[in-house]
Structures are given as structure tokens and as C-alpha cells.
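**Student:** This is the structure I want to talk about, given as C-alpha cells.
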Amino acid sequence: MIWLVGNKGMLGREMEALLRRRRLNFIATDREVSILEPAALRRHAAGTPVAWIVNCAGYTAVDKAEDEEDLATEINGRGAGCLAELAAELDAGLIHVSTDYVFDGRKAEPYLEDDVTNPLGAYGRSKLKGEEAIRASGCRYVIVRTAWLYGTAGPSFVHTMLRLMNERDSVGVVDDQIGSPTHTGDLAGALLAFIEKDGASSGVYHYSDEGRISWFDFAREILRAGSEAGLVTRRCRIDPIASAAYPARARRPAFSLLSKEKIRRELDLVIPRWDRSLRRFLTEGFRRWNET
Ligand SMILES: NC(=O)c1ccc[n+]([C@@H]2O[C@H](COP(=O)([O-])OP(=O)(O)OC[C@H]3O[C@@H](n4cnc5c(N)ncnc54)[C@H](OP(=O)(O)O)[C@@H]3O)[C@@H](O)[C@H]2O)c1
């Protein structure tokens, strides 16, 4: 039995849809069984043969976290630890999602799993605390660091861009942060592959879709593919801007490409290119999810 935690979030919804399509046995919870309440978690698990806990819950407001670091750390740090301790008690495996924001972005080559972490902001620090708590718990775990997620449930960069492109004549987008957009459906498939393999070594893995682009490149492709799919219905220009000209509350890594060699080897994964996944999402996923 799989216990999906955080099934009402963007990734959690996608994971739940995948588990349903594969007709797997699972239970799913979100806020109603808080990951901060060990007794409630234990009660919920009682009598259920939980073999895997998949944690898609978290505090994900990157900018707000700068003003709410205690809350972010409570949920992403202590909450992840509570789930890990429960997993250890139940002898279940924990699959947990972390982030590229644990790195400072000063590298020029894709980040490896054991590269030194050095988060630039509160959100990254809180996620790193979660990773540490999981390691300390003694449970069997897989921590998958991922990046630049977008998905059917949103909200995401893709949703915001499509809205702005339909409202404005031009949109400025930063062109000095490099990474890889990742569709939640692709990530959910990778998370499930760990369960299907059921023997992967405990540890940290990196997953993103393939490719190396800036947010500006991403926006241009959203415009092109979104227009073809009939989701952008007026002309709009995308202007490249520097991060310094777009002050956000939280600092973000300028370079957050993740090396996927380890996960590719471990799971024999074929990782889709970001632009193929984006096109598929805009032609199939976006309408399906936003009209139902
Ligand atoms: N989005 C990205 O670009 C990105 C990139 C890298 C890594 N990640 C990681 O990927 C994971 C999923 O991200 P996402 O974007 O799908 O997140 P999301 O949409 O914000 O979903 C998180 C879910 O967790 C729930 N939650 C919050 N506190 C909880 C608690 N105490 N107990 C139980 N549930 C709680 C949230 O409920 P409320 O909505 O009520 O708060 C929400 O339903 C997170 O671990 C995130 O750090 C995301």
C-alpha cells in the first residue's frame, strides 16, 4: 500500500492521477492529516500495511518564506522528519521531494547529488533541514531533488505566463537564471519508478526534464507552443531582463542544472526533453485539467 502525502498540491495531484491510472492501492491525505502531528500520522497509518510513503507535501512559497522562515522550516524540516520517523517505525520506504534551491548556483556544470549545499534563501534552508532530518531518522529513503516544476494543477510559471501573454503587449522575463523546466507528470513517473523497482539504494537523486535553458527561453517557447495550441490569442513580445532588474524577495541560484546520471542509471530511465513535455502539456494536459 502506498500513502501519498500532499495529494492536493500541484505534484500531489499528478501523482494521485498516475496511481489511479496504474490501478495501484493507495491512500492519500493533505492538510487534514498534518505532517507536523506524529500522533495523527500514526493513527492514520494504523491497520494499513503501508509499504511506501510518498511525500509531496511542503511549504513552497519561496519569496514568502523569507518572512516566514520558522513556518517553512517547521513544515519542510520537522514535518519531513516526522514522516521519516513514521516510515522507520512502519518499516516503510519514504520518497521525498526536495529542490535545486539547496545549491547556491555558483557551479558551471550540472550539480551532482553529493555536491556541497549552500542555500541562498529561507526556502532552500528549510528543505535542506528536511533532507537532514530524513537522513538522521534511519528510515529507508529516496530524496529526489527537482527543479522548475509546472503541472496541470498549477499555479506555475506556465500558468502565469499564459495569463500575462493574453493580457499584455510585452512581458519581461529573466534571462540570467539557467535550469531545466520539469513537468510534474514526468517527475511523478520517476517517483513511481522507485516504487516499482522496490530495491533502489537509499539516498539522494536528482531529477528534472532534459535541457538547459533560461526562464526567458522557457517563456518564448510557452508563447510559441501556447499560440499554436490556441492558448495565447493575441500578440505579445517577450523581453529578456536581468534578475537584478526584477527584484524578488528571495535570491535564487543563477545556475541550477541537476545531473541526472545517477537516477538514469538506477532506474534505467528515459528522461523527456523539456520542450517536448511542454508541448504535450499545452496541447493535451492544460485544457484537460483546466476545463474539469
Ligand atoms: N514547485 C516547484 O517548482 C518545485 C521545485 C522543486 C521542488 N519542489 C518540491 O516539490 C514538492 C511539491 O511541490 P508543489 O509545487 O506540488 O507544492 P504545492 O502545490 O505547494 O503542494 C504542497 C501541498 O502540501 C500541503 N501541506 C502544507 N503543509 C502541510 C502539512 N503540515 N501537512 C500536510 N500537508 C501540508 C499544501 O497544503 P496548502 O496548500 O493548504 O498549504 C499543499 O496541498 C515540494 O516538496 C516542493 O518543495 C517544488
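**Student:** Hey, can you grab everything whose amide H is under 5 Å from the amide H of Thr182? Only 5+ residues off in sequence or another chain; H modelled, so Pro and N-termini drop out.
**Tutor:** Leu149, Tyr150, Asp209
**Student:** With a cap of 15 neighbouring Cβ atoms within 10 Å, and only residues DSSP puts in a loop, list the trypsin sites (Lys or Arg not before Pro) found in region 1-104.
**Tutor:** Lys8, Arg22, Arg23, Arg31
**Student:** Hey, could you grab the Kirkwood Rh for region 191-292? Inverse mean 1/r over distinct alpha carbon pairs, Å, one decimal.
**Tutor:** On the way: mean 1/r = 0.0602 Å⁻¹.
Across region 191-292, the inverse of the average 1/r is 16.6 Å.
**Student:** Also, I was wondering about something else. Check the chain and count each lysine pair with an alpha-carbon distance under 21 angstrom, considering only pairs eight or more places apart or from different chains.
**Tutor:** Count of close lysine pairs: 11.
**Student:** Give me the 1.4 Å probe accessible area per residue for the chain, excluding ligands and nucleic acids, in Å².
**Tutor:** Working: 13410 Å² over 292 residues.
With the other protein chains kept in place, the chain gives 46 Å² per residue.
**Student:** Could you tell me what a quarter of the Cα convex hull surface of region 125-173 works out to, in nm² with one decimal place? Present the calculation step by step, with values, prior to reporting the outcome.
**Tutor:** Details: hull surface 21.0 nm².
Reported value for the Cα convex hull: 5.2 nm².
**Student:** When the convex hull of the C-alpha atoms of region 144-236 is computed, what volume per residue in Å³ does it have? It would help to have the intermediate numbers written out before the result.
**Tutor:** Values: hull volume 9.7 nm³, N = 93.
Hull volume over Cα atoms, normalised by residue count, gives 104 Å³.
**Student:** Can you tell me what share of the DSSP beta bridges in region 147-284 is antiparallel? A percent to the nearest 5 is fine. Don't jump to the answer; show the numbers that get you there.
**Tutor:** On the way: 2 of 11 bridges.
Roughly 20 percent of the beta bridges in region 147-284 run antiparallel, per DSSP.
**Student:** Net charge around Gly93, counting only other residues with Cβ within less than 15 Å of its Cβ (Lys, Arg = +1; Asp, Glu = -1)?
**Tutor:** -3
**Student:** What are the ³J(HN,Hα) couplings of region 108-119, residue after residue, when phi is run through the Karplus curve with 6.51, -1.76, 1.60 and θ = phi - 60°? Round to Hz, x for glycine and proline.
**Tutor:** Here the 3J(HN,Hα) series is 10, 10, x, 5, 8, 4, 9, 5, 5, 8, 6, x Hz.
**Student:** If you don't mind, another one. Give me the angle, in degrees from 0 to 90, between the Cα long axis of helix 122-137 and the longest principal axis of the Cα atoms of the chain, rounded to the nearest 10.
**Tutor:** So the helix axis and the longest Cα principal axis differ by about 30 degrees.
**Student:** Based solely on its DSSP helices, what 222 nm [θ] is calculated for the chain when runs of n ≥ 4 H residues each add -39,500 (n - 2.57) and the sum is averaged over all residues, nearest 500 deg cm²/dmol? Spell out each step's value before the answer.
**Tutor:** Working: 11 runs with 110 residues, N = 292.
After summing the helix terms and dividing by residue count, I get -11000 deg cm²/dmol.
**Student:** Moving to a separate point now. Would you kindly derive the ³J(HN,Hα) couplings of region 266-275 from the backbone phi angles with the Karplus curve 6.51 cos²θ - 1.76 cosθ + 1.60 (θ = phi - 60°), listing them in order in whole Hz, with x for Gly and Pro?
**Tutor:** Values per residue, Gly and Pro as x: 5, 10, 6, 7, 9, 9, x, 6, 4, 6 Hz.
**Student:** Once amide H atoms are placed 1.01 Å from N in the peptide plane, what residues at a sequence separation of 5 or more from Tyr205, or on another chain, have their amide H within under 5 Å of its amide H?
**Tutor:** Counting only residues 5 or more places away or on other chains, the set is Ile143, Val144, Arg145.
**Student:** Leaving out ligands, DNA and RNA, and with a 1.4 Å probe, what % of the accessible surface on region 1-94 is carbon or sulfur?
**Tutor:** 47 percent
**Student:** To continue, here is another question. Per residue of region 234-241, in order, report the coupling 6.51 cos²θ - 1.76 cosθ + 1.60 (Karplus, θ = phi - 60°) as ³J(HN,Hα) in whole Hz, putting x for Gly and Pro.
**Tutor:** Computed from phi, the couplings for region 234-241 are 9, 7, 8, 10, 9, 9, x, 9 Hz.
**Student:** Among DSSP beta bridges lying fully in the chain, give the percent that are antiparallel, nearest 5.
**Tutor:** Looking only at bridges with both residues in the chain, the antiparallel portion is about 5 percent.
**Student:** Within the P(r) computed for the chain, what percentage of the Cα pairs occupies the region above 25 Å? Mind dumping the intermediate values first?
**Tutor:** On the way: 19788 of 42486 pairs.
Here the tail beyond 25 Å accounts for 47 percent of pairs.
**Student:** Let me ask you something else. Would you please give the residues with an amide H less than 5 Å from that of Cys236, counting only those at least 5 places away or on a separate chain, with H modeled from the backbone geometry?
**Tutor:** For Cys236, no residues qualify.
**Student:** Which of the peptides 181-192, 48-59 is most tightly packed, and how do the rest follow, going by the mean number of other Cβ atoms within 10 Å of each residue?
**Tutor:** Numbers: 181-192: 23.7, 48-59: 21.7.
So the peptides 181-192, 48-59, ranked by packing, come out 181-192, 48-59.
**Student:** Could I ask something else about it? Rank these by accessible area, largest first, 1.4 Å probe: Leu269, Leu162.
**Tutor:** Details: Leu269 35, Leu162 10 Å².
Most to least solvent-accessible, the answer reads Leu269, Leu162.
**Student:** Identify, among Met161, Leu90, Ile195, the residue whose Cα sits farthest towards the positive end of the charge dipole of the chain, taking +1 on the Cβ of Lys and Arg and -1 on the Cβ of Asp and Glu, with the dipole about the Cα centre.
**Tutor:** Positive-most Cα among the choices belongs to Met161.
The values are calculated or read from the model by the stated rules, or taken from the named source; none is laboratory data. This is a predicted model, so every value here is computed, not measured. Glycine also receives a Cβ, built like all others from the backbone with ideal geometry; neighbour counts cover every protein chain displayed. What goes into the accessible areas is simple: the full protein's heavy atoms, side chains included, and nothing from ligands, DNA or RNA. Shrake-Rupley method; radii C 1.70, N 1.55, O 1.52, S 1.80 Å.
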